[in-house]
Structures are given as structure tokens and as C-alpha cells.
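For reference, the structure discussed in these notes is given below.
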Amino acid sequence: MSKDKLWGGRFTQPTDKFVEEFTASIDFDKRLYHQDIRGSIAHARMLGKQRIIPMEDVEKIVHGLQEILDQIEAGKFDFSISLEDIHMNIESRLSAKIGEAGKRLHTGRSRNDQVALDIRLYLRDELVEISAYLDLLVDSLLTQAEKNIDVIMPGYTHLQTAQPILFAHHMLAYVEMFKRDKGRMEDCLKRTNILPLGAGALAGTTFPIDREHVAELLDFPEVTRNSLDSVSDRDFALEFLADASILMMHLSRFSEELILWSTSEFKFIDLSDGFCTGSSIMPQKKNPDVPELVRGKTGRVYGNLMALLTVMKSLPLAYNKDMQEDKEPLFDTIDTVKGSLKIFADMIREMQVNTDTMRNAAAKGFSTATDVADYLVRKGMPFRDAHEVVGKSVAYCIANKKDLPELAIEEWKGFSPMIDTDIYEAITLEASVNARRATGGTSLEGVKREIARVRAGK
């Protein structure tokens, strides 16, 4: 008989030792101890309020759970694999500590709705913290934009020089991405922040519990409406993993650019030594290990999303042991995202921008060719005709090893009599950048306006 198991009454043989180790989750779900104790205290107080258990037992339970919390946080609590998970470890210790009162705590609930509560409580806290880390990263990006407000760099499509833009405008592109990420986290919080406790194993409970009171005690704005769904739903965790995958994709794209920009071929930026490493054989090397590792960790987060989707894809209602596999990908993703955001915020804040190198690069590759076409359109030429004229002028420059600003006015007029000496003013880097004044454009005026808007929390 499995006398050491809280559920062992029906069994006549002990659990196989390897099965016990294989099925236990305490090694990873022990991080839920705070949420488990908080949920149990709320549940106990509700049981007392409803006169389901005596108030004197409630006080013993609450006091005992608070002592256990102190022991865990002081590192004086020994977790047992034989007790399987965080719920059984705490409940067993509580019963040993306070006796019969501890055995009454589980009245009106199941491990199924208990673990659903713990995960929601845990993820709820982490979503708030991740949003705060996103704010720190956005602040670092805004600081870099403000510090380098008039720095011009080449903008790219297909990784080919396209048009000159402000470096600050480039930083603001990532600000928009991470603001969307924060919005997704906040939206995920709405669906996470719903109380499942009270669903029991799958069908509810026969006891006259007050779920709304528990929700109030635990700061949940609402309760779940179907007991089957309550214990089998992991949509909120999947939604977080999907949102985290998009967030990591943004960090990975940014990482790729930082890696390129820090090469000797680009030399656009210098990452602080504190975020780089050297080579064991080549003494001149300074490797951008942090962005490289974040780029690599993105695949890890994608894998966690696919892992949980695969776990859930064929499960019948309600709870199944498969769902124990929800925690490790969730926990790993939370740790990975928080670590990546923290290190990125610090790294971006300390990043140095090589302004002259960026400007020189922006002046190459015929980056103001579109401005010549726009110039001709303003003179009355249809855009498609202007496009052809500029294409021929670029081909001429390539053949004669010149750039557009180096063409004499006679050469310009050979392409179109509409072109006059004011062409030179129209194709400076500053003119090109500042001509793009529409909302969302790269003009200095527009970029300053966007920085102010984000700083104001809009």
C-alpha cells in the first residue's frame, strides 16, 4: 500500500521507484511554492467563511502555511520526489505540522484546479515583470535616439542601400516592435487573469464554495465559467509562448543588425566590452556574443511553443498527465525572455554609435536616387518617366565611376532639361531625410515628435 502518498488509499502496491522519479514534477514546479501557498490560504479562508471547515482550523492552516513559506524562502525546506509535486509537498508538510486541520485544506478542490490556479498566478506576475523589462528596453532605445538625434545612416531593403534615414528613426522602428510586444503581453494578461479554482477535478464540487470570494482575495477580476475547460485549458500559456516567440523574433532581428553593424566591414557601432568576448586563439577578436546568443535562444523559445502545442493537440477533456509538460517550456521561456530583455536594455544603453562611418555609408550607393525622381515629379514629369531618367543617370554614374552629387549640371541636363542647379540642394542627405515629413517618416521633425509621443506614454 502506498501509505506515503496522499492519494494512496486505493493502491495495494507501492509505486515503482523509476516511475516515481519519471512522473514527479517537484524538480521544476517547486518554483510555484509562493503561488501554491497564496492560493491555499485564500481557499482556506473561503472554506472558513462558508463554514465548510471550522475557523479555528483555518487559522491553524494559514499560520502553518506562512511558516512553510518562511522555511522555503530560508532554504530550510526539503522537497521530496516521493511526494511528486509542489502541492503534495506543501500539503504533506502542513498536515505533519498542524495535524487534522491540515488534512481539511483540500476540501472542495482538486490538484487539477489547484495547479491551474498556480500557473495562472505565476504567469500573471511574470507578465507584469516582462512588461517592465520591455519598458526598460524601450527607454534604452529612446535614449540612444535622443543622444544621436541628427545622425544619418543608410536605410536598407534587401540589405542593399536604399535611402538615407536617421539612426534615431531606425531605433524607433524597434520601439514600435517592442511596444506591440508589450501590448500582446498585456492582452495575454487579460485571459490569464481568470480564476479556475473551484472547478474541482473536472465537474465542480458538492460543497457550497464561494468562488467569487476567492477571486476577490487573489485579485482575479472574474472566474472561469466551465469546470471541464477550467482544468484542461492551457490557452493562456500557449498565447504567452506565441507572444514570447514574436518578442524573441524581434530581438533576433535586432541582434542580427548589431552583429553586422559591429563588424569591421560596417563599423557602425561599438558594443561595450562588457557584452563581448575574445577568442582563445586570435588576440584581435572582439565577438558580439550577447546578440549572437540571444539570436540563438530565439530558436529555443520557438521550440517551447511547438512543444506545448504538440502536447495539447490530441488531449481529450479534461485533465491528462500530459499537461504536466506545460511547466518546463513555460518556465524556460519566461527565464529566457526576461534574461534577454534585461541584457539587451543594458547593452543598448552602453552602445557607442560611429556617426561619421554611418554618414559616409549613407552617402554611397546612390541613396538619394529616389529624391532625384521626386524632384522631377515636382517639376511636372510623370513618376514612371522620372524613374527611367534616374535609372539612366545611375547607369551613367556606374560607368563613369561617379556618384549623383558629383555630376556636373551639363551632365544632369543631358538626362532631362528640367534639371537645374537646385538639384544639388534636393539630393543632400539632410534634404533627403527631412523631406519625408509625413507621419511615420524619417524627418528630424517627425522623429523628435515620435520620441516625445512615446516618452509621454502614447
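Residues that are within 18 Å of the chain's Cα centre (by Cα) and charged (D, E, K, R): which helices (runs of 4 or more DSSP H) entirely in the stretch 276-381 hold 2 or more of them?
289-312, 327-350
Suppose we keep only residues that are under 43 Å from the mean Cα position of the chain (by Cα) and in a loop (DSSP other than H, G, I, E, B) within the stretch 404-437. Which one would you say is nearest to Thr355 (Cα to Cα)?
Top of the filtered list is Thr428.
Scanning the stretch 87-143 for residues that are open to solvent by less than 30 Å² (accessible area, probe 1.4 Å), of a type in the set (Asp, Glu) and within 16 Å of the chain's Cα centre (by Cα) gives a single hit, Glu126.
Residues that are without any contact (Cβ under 8 Å) to a residue 60 or more places away in the chain, open to solvent by 30 Å² or more (accessible area, probe 1.4 Å), among the β-branched types (Val, Ile, Thr) and not in a helix (DSSP H, G or I): does the stretch 246-263 have at least one? Scanning the stretch 246-263, I find at least one residue that is without any contact (Cβ under 8 Å) to a residue 60 or more places away in the chain, open to solvent by 30 Å² or more (accessible area, probe 1.4 Å), among the β-branched types (Val, Ile, Thr) and not in a helix (DSSP H, G or I), so the answer is yes. Every residue in the stretch 289-342 that is under 24 Å from Leu251 (Cβ atoms) and of a type in the set (Lys, Arg), please. Within the stretch 289-342, Arg295, Lys297, Arg300, Lys327, Lys338, Lys342 meet the criteria.
Could you tell me whether Asn226 is closer than 30 Å to Gly198 by Cβ and open to solvent by 60 Å² or more (accessible area, probe 1.4 Å)? Against the criterion (closer than 30 Å to Gly198 by Cβ and open to solvent by 60 Å² or more (accessible area, probe 1.4 Å)), Asn226 qualifies. In the stretch 267-288, the residue that is nearest to Asp335 (Cα to Cα) out of those that are open to solvent by less than 50 Å² (accessible area, probe 1.4 Å) and touching a residue at least 60 places away in the same chain (Cβ under 8 Å) is Phe275. Being among the charged types (D, E, K, R), modelled with pLDDT of 95 or more and under 24 Å from Asp335 (Cβ atoms) holds for only one residue in Asp235, Asp210, and it is Asp235. Scanning the stretch 54-65 for residues that are of a type in the set (A, V, I, L, M, F, W, C) and crowded, with 21+ Cβ neighbours inside 10 Å yields a count of 3. Is it the case, given these coordinates, that Leu195 is modelled with pLDDT of 95 or more, in contact with a strand residue (DSSP E or B) (Cβ under 7 Å, 6 or more places away or on another chain) and under 18 Å from Gly108 (Cβ atoms)? Against the criterion (modelled with pLDDT of 95 or more, in contact with a strand residue (DSSP E or B) (Cβ under 7 Å, 6 or more places away or on another chain) and under 18 Å from Gly108 (Cβ atoms)), Leu195 qualifies.
The values are calculated or read from the model by the stated rules, or taken from the named source; none is laboratory data. All values reported here derive from a predicted model rather than from experimental measurement. Cβ atoms come from the backbone with ideal geometry, glycine included; neighbour counts cover every protein chain shown. Surface accessibility is based on the protein's heavy atoms, side chains included, excluding ligands, DNA and RNA. Shrake-Rupley method; radii C 1.70, N 1.55, O 1.52, S 1.80 Å.
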